[in-house]
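Below is one structure, written out as structure tokens; the observations come after it.
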Amino acid sequence: MAERWAGIQVSGEKVTLVDINVPDDEGAYEIIADKTFTLQAGDRSQAYKVMHDRLNGYIRENKISKAILKESALPLKGSPKLALLHSAELRGVAMAAAASACETKTVAKASISRRFGKRKADEYLRDDEFWEETIEGADLRAGSREAALLIISSAKKKAPK
């Protein structure tokens, strides 16, 4: 029986959530929804509470059984900026919201190529043919592929070629 999983990626003041039916056989992954939640303006503590409630509510209402979140990564060049710290705070809010509603784990982008297939994550993200063969259902925005790849690489299925 298929399970609904959420792939969650935080960037800046936005949370991308991809809701996918993960098949228990060799079937395609079905995209149920591809959503972006934007942090509201104003007091950050109140905005974080609103974001927590929105994400938690979505996960509970849609009976998501597992959430996979992209881990933080350090910038390759230069020192961290305030925006990076704000993103990390929002990622923590997203983790707490998901963890209080379903099984939750984090995945580093760098670990995807070691655990899944034979290519680097960025190669999968650019490969339109991979996405056409792997998913069906609602449209998946190109910017949401990374959130979807978190789920695909974490499922117990073999990587498509």
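The values are calculated or read from the model by the stated rules, or taken from the named source; none is laboratory data. Note that this is a predicted model, so its numbers are computed, not measured. Please note: Cβ atoms are built from the backbone with ideal geometry, for glycine as well, and neighbour counts cover all protein chains shown.
Of note:
- Number of the condition not met by Glu136 [criteria: (1) part of a helix (DSSP H, G or I); (2) over 20 Å from Ser11 (Cβ atoms)]: (1)
Yes/no matrix, rows are residues, columns are (1) in contact with an Asp or Glu (Cβ under 6 Å, 6 or more places away or on another chain); (2) outside any helix (DSSP H, G or I); (3) hydrophobic (A, V, I, L, M, F, W, C):
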| site | (1), (2), (3) |
| --- | --- |
| Ser72 | no, yes, no |
| Ser79 | no, yes, no |
| Leu84 | no, no, yes |
| Gly92 | no, no, no |
| Thr104 | no, yes, no |
| Ala110 | no, no, yes |
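- Meets criteria (surrounded by 12 or more Cβ atoms within 10 Å (Cβ to Cβ) and farther than 23 Å from Thr134 by Cα) for Ala88: yes
- Failed condition for Ser144, given (1) among the hydroxyl-bearing types (Ser, Thr, Tyr); (2) exposed (fewer than 15 other Cβ atoms within 10 Å of the Cβ); (3) in contact (Cβ under 8 Å) with a residue 60 or more places away in the chain: (2)
- Among the conditions (1) charged (D, E, K, R); (2) assigned to a helix (DSSP H, G or I); (3) in contact with a helix residue (DSSP H, G or I) (Cβ under 8 Å, 6 or more places away or on another chain); (4) more than 27 Å from Arg54 (Cβ to Cβ), Arg114 misses just one, which is (3).
- Counting only strands (runs of 3 or more DSSP E) that sit wholly inside the range 3-56, those with at least 3 residues that are farther than 15 Å from Leu149 by Cα are 29-38.
- The number of residues in the range 117-128 that are surrounded by 11 or more Cβ atoms within 10 Å (Cβ to Cβ) and assigned to a loop (DSSP other than H, G, I, E, B) comes to 4.
- Yes/no for Phe130 being farther than 27 Å from Gln46 by Cα, modelled with pLDDT of 90 or more and more than 14 Å from the chain's Cα centre (by Cα): yes
- Within this structure, Ala96 passes the test of being under 24 Å from Ala148 (Cβ atoms), in contact with a His (Cβ under 8 Å, 6 or more places away or on another chain) and not acidic (Asp, Glu).
- Selection over the range 12-35 of residues that are over 17 Å from Glu136 (Cα atoms), within 11 Å of the chain's Cα centre (by Cα) and of a type outside the set (A, V, I, L, M, F, W, C) gives a count of 1.
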